[in-house]
Amino acid sequence: MSGMNIYEISEKIAQRPPFQMIERVVELVPNESAVGIKNVSVNEPYFMGHFPGTPIMPGVLIVESCAQLCSLVIEKTPEDLDDKLYVLLKVDGFKFVKPVIPGDRLEITVNKTKGGGVLVGFNCVVKVDGTVYAKGDLTFTTIPKDALGK
């Protein structure tokens, strides 16, 4: 699959606005890699408190943007969709090189580094205008949906 727009992403991702971070997928190789876009708007509610007068996107939301793009890469079986949920297990070595501010367009690249079985790992790079702003590794695992006490 080459790319996805916001409507196609909404069919495949569990998150919803205002917590849906990926707005466009430029490139997707299922079970391998993806390149996605997050447009950072001054209208996002967290900027009111982080920080007043000097808005900076929180690092945890940059990580979340990467995680949501990774979730689109992971091939899910019908059994996974019914019984399992992929959750973030580990954030490793993330560096925030430059602050992300309103008006920035995040180009996020995720590449699967390990997979199969219970653990799936990704390397993530976040760029703005070709310059690296953040990078690190994420590991996901599956949990049974019924373990959430629903």
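The values are calculated or read from the model by the stated rules, or taken from the named source; none is laboratory data. Everything numeric in this text was worked out from a predicted model, so none of it was measured. Backbone-built Cβ (ideal geometry, glycine too); neighbour counts: all protein chains shown. Surface areas here come from the heavy atoms of the whole protein model, side chains and all, with no ligands, DNA or RNA. Shrake-Rupley method; radii C 1.70, N 1.55, O 1.52, S 1.80 Å.
Between Asp137 and Asp82, what FRET efficiency comes out of the Förster formula 1/(1 + (r/R0)^6) with R0 = 30 Å and r the beta carbon distance, rounded to 0.05? Walk me through the intermediate numbers first.
Numbers: r = 29 Å, r/R0 = 0.96.
Approximately 0.55, to the nearest 0.05.
Starting with the highest mean, order 43-52, 17-26 by the number of other Cβ atoms within 10 Å, averaged over the residues of each peptide. List each step's numbers first, then the result.
Working: 43-52: 11.5, 17-26: 16.9.
Descending mean neighbour count gives 17-26, 43-52.
Working out 0.36 nm times the residue gap between Arg16 and Val29, then minus their Cα-Cα distance, what length gain in nm do you get to one decimal?
Working: separation 13, 0.36 × 13 = 4.68 nm, distance 2.29 nm.
Gain on extension, Arg16 to Val29, equals 2.4 nm.
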Inset, instruction - Under a cut-off of 29 Å between alpha-carbon atoms, report the lysines in cross-link reach of Lys84, not counting same-chain residues fewer than 8 places apart. - result: Lys12, Lys38, Lys76, Lys112, Lys114, Lys135, Lys145, Lys150
Legend entry - With Cα atoms, 0 to 90° folded angle of helix 59-73 axis to the chain main axis: 40
Inset, instruction - Could you work out the mean projected area of the convex hull around the alpha carbons of the stretch 56-116, in square nanometres to one decimal? - result: 5.3
Inset, instruction - Express the accessible area of the stretch 49-117 per residue in Å², computed with a 1.4 Å probe while the remaining protein chains stay in the model. - result: 55
Inset, instruction - Give the label of the value calculated from the structure for volume of the Cα convex hull per residue in Å³, choosing from (1) 204; (2) 97; (3) 120. - result: (3)
Inset, instruction - At q = 0.23 Å⁻¹, work out log10 I(q)/I(0) for the stretch 5-88 with the Debye formula, treating every Cα as an identical point scatterer and leaving solvent out; two decimals please. - result: -1.17
Inset, instruction - Would you grab the residues whose amide H sits under 5 Å from the one on Leu85? Only those 5+ places off in sequence or on another chain, please, with H modelled 1.01 Å from N. - result: Ile143, Lys145
Inset, instruction - Give me the accessible area of Glu64, 1.4 Å probe, in Å² rounded to the nearest 10. - result: 40
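Using the Cα centre of the chain as the reference point, and only Cβ charges (+1 on K/R, -1 on D/E), how large is the resulting charge dipole? Debye, rounded to the nearest 20. Spell out each step's value before the answer.
Working: 16 positive and 18 negative charges, 75 e Å.
Roughly 360 debye, rounded to the nearest 20.
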Legend entry - Candidates Val60, Val120, Val73: whichever shows maximal mean-square fluctuation once the chain is modelled as a Gaussian network with Cα springs under 10 Å: Val60
